[in-house]
Every structure is written in structure tokens, then in C-alpha cells.
1. ARG337 to GLU44: extension gain in nm, 0.36 nm per residue of separation minus the Cα-Cα distance?
2. Which value results when the Cα radius of gyration for the range 225-299 is divided by 2.2 N^0.38 Å?
3. Once phi is turned into θ = phi - 60°, what whole-Hz ³J(HN,Hα) does the Karplus curve with 6.51, -1.76 and 1.60 give for every residue of the range 257-263, x standing for Gly and Pro?
4. Given R₀ = 35 Å, what would the calculated FRET efficiency be for LYS171 paired with ALA296, taking r from the Cβ atoms and rounding to 0.05?
5. Among 67-75, 100-108, 252-260, 321-329, how do they line up from the highest to the lowest mean number of other beta-carbon atoms within 10 Å?
6. Projected area of the range 146-295, taken from the Cα convex hull and averaged over every viewing direction, in nm²?
7. For the range 82-136, what is the per residue volume of the convex hull drawn over the alpha-carbon atoms, in cubic angstrom?
8. Rounded to the nearest whole Å², what accessible area per residue is found for the range 26-160 with the 1.4 Å probe?
Amino acid sequence: MIVLGVETSCDETAAAIVEGGRVRSSVVASQVELHGPWGGVVPELASRRHLEAILPVMRAAVERAGLPGFEAIEGVAVTQGPGLVGALLVGLAAAKGFAYARRLPFVGVHHHEAHLHAIYLEEPDLGYPFVGLLVSGGHTSLHLAEGLGRYRLLGRTVDDAAGEAFDKGAKLLGLGYPGGAVIDRLAKGGDPTRVRFPRARLGPPSGPEPLDFSFSGLKTALRQRVERGEVPARDTPAFADFVAGFQEAIVEPLVDKAIRATRATGVRRLVAAGGVAANSRLRARLAEACAREGVALYIPSFHLCTDNAAMVAGLGEAYLAAGRRSGLDADARPDWRL
Ligand code: KG4
Ligand code: ZN
């Protein structure tokens, strides 16, 4: 089935064509330079830019897929939530309008399920169950994936998301927005053991949820070091160590709890997904830990980790094939939980 996917939940306007679980095109128009000066995504600006970009991006997806035109499309999928409500509405309206005009089957999907499901575009035979580590700018959670649309929440952040920790850290260090990729790059030459940042200790006796995460203390620790003037000068080896130490304090709990989740569930397959899964240190440490534990690790390629519409089209194709449809009254679900 030739499926058009549309994604506008945050600050990327994206459209893609997937056919038979294979990506035929994936177009992402980033709004990074629009929001950069503000140090974060400005919802109203995001909606307006989505509105300008959505039709050209959809057209580009059709062209790059080598389709003769929009009439070749057989199904439509769109991110219905969670995300910024005004941003979601733009993609939803475009997708629903197109599906209605062409009388095509249409389905709204969950953004996080799309992130986790992206791996099937590269590993079609993976199957279920798997433990999913979802690490993005807005969300950080661990799930037991038992089937399409069947997820059990194992743990989640009680405050900031991992990507948010990267972004806020980069902002405090004056490194620009979004910060994850910048910190990843700057940390590469550094020694992650020289500068120690705090890790939150969750679980007994402080709480019953050992698979939860917390990153707000890390942010506070960094702010205090900035205020005390303890940040080494840029472009020095000491700065690389500093940034590597900060990154390690985010990466280590993610790896630790993902491994614990595989032990707790007895499931020997781990999928990491979302923008932060693009982080090279996280990928390397997960690979090490999984090799040690005998757990099979699956992480999508970089372009399928950060927000994109191929993951939406891929999941949409799976749902449409299973007979699931959404009505044209499907509304944005900004707080939808997986
Ligand atoms: O999944 P995503 O593209 O959007 C959301 O659904 O939130 O994730 C965006 C997040 C941002 O916080 C960004 O800083 C982070 O992913 N990110 C990274 C890297 N690339 C993107 N974080 C760490 N290292 C990276 N290489
Ligand atoms: Zn995302």
C-alpha cells in the first residue's frame, strides 16, 4: 500500500511516502533557525510555519518518491498527538482534507509509537515483544511493547525529558538550540569521568519506581556551576571533559534503566528511539551494555530517530493493513499517553 505520512507535532514539518514497509521518500523541513534565537520552540511561530510549509513538503514527498502524482496515494497517516496543539492541527487538517477529497483510508497515530515503530522500516522481521526506550525532546520513558498499539509503561521521567536536559544544558552553557547534537559533538574529545555531575537515585527507599528517570537535579547542578564560574573556557580540553561529564550524567541512567527493564521483563530485545537516540555516546554505551547482557539492540538510523514522517507512514501502513481507521472527526490529542 502506498501511504502518505504527515508529521507536525513540534518544530519539524514532515511528509513521507512508505510502501510495503519501505521508505520511498522522507522530507523534513526543520524550523530550527526560526526558534533558535528564542532558545526553544515558540508554539505560535511553529503553527504558522507549519501552515506555510505543509503543502510544499507534501508535494516534495510525492515527487521524491517518484510517484506520478497525489492520485497514486492509497492511504493517509498523521500524527494525532502528543505535541503542540496548534502544530498538530495543521498536519491533521492537511491529512484529513486530503483523505476526504480522495476518499482514502485515514488513520491518526501516536507520535511515540511511531518513534518506536520506526525500527520496523529497517528491521521488518523484528517482531514483538521488545523493551522500548523512548528518548526525545519532550518525553523519556521505558515501555514493554507487546504488539501494535499494545504498550505497558515501565518507567518515565518524573520531571525533565532527556532531550530537554540536553537542550537546557546547552542553553546554560551558551551553546545554542537545540543542544543535543552540539553537546554530542563537543563531548567527543572529552573524558566523561573527569567532571562528575549528580545522578538522581530513584527507587526504594525514596520511591517505588526504580525504572523512572529524573533530570532536573542535573540541570540545577549545572546552573550552580555556571553561576560559580566553574565552566572551563570554550575550545579547551577541560571544556570537552566538562561537557562529556554532563552528557554522561544523562546517558548513564538511560542505559542503566533500559538494561534493568530487560532484566525485569525477561525480554531480550531493546529498541531505542527518539531524537536523543541519535546521541553517539548513548548508542555506544547501549551497545556495550547489551553485548554484555546478551540483549539484542536495535536503534534506527539517525534520520529515523529525530522527528520525521516516514515513521508515521510506516506505522500508519501497519494500522491500515490491520483494518484500523480513524474518523474524519479525529481531533488533536496534545496529551495523549501511550
Ligand atoms: O524526537 P525529537 O526529534 O523530537 C521530539 O519528539 O521531541 O527529539 C528532539 C530532541 C532534542 O531535545 C534534541 O536536542 C535531541 O533530540 N537530540 C539529541 C541529539 N540529536 C537530537 N540529543 C543528544 N544527542 C544528539 N546527537
Ligand atoms: Zn519526536
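1. 103.2 nm
2. 1.36
3. My calculation for the range 257-263 gives 6, 5, 5, 4, 5, 5, 5 Hz in order.
4. That pair, LYS171 with ALA296, gives E of 0.45.
5. Per-residue Cβ counts within 10 Å, averaged per peptide and sorted highest first, yield 252-260, 100-108, 67-75, 321-329.
6. Seen from a random direction, the Cα hull of the range 146-295 projects 9.6 nm² on average.
7. So the per-residue hull volume is 109 Å³.
8. Averaged over the residues of the range 26-160, the accessible area is 41 Å².
The values are calculated or read from the model by the stated rules, or taken from the named source; none is laboratory data. Everything numeric here is computed off the predicted structure, so don't read it as measured data. Using ideal geometry, Cβ is built from the backbone for each residue, glycine included, and neighbour counts are taken over all protein chains shown. Note: areas computed on protein heavy atoms with side chains; ligands, DNA, RNA excluded. Shrake-Rupley method; radii C 1.70, N 1.55, O 1.52, S 1.80 Å.
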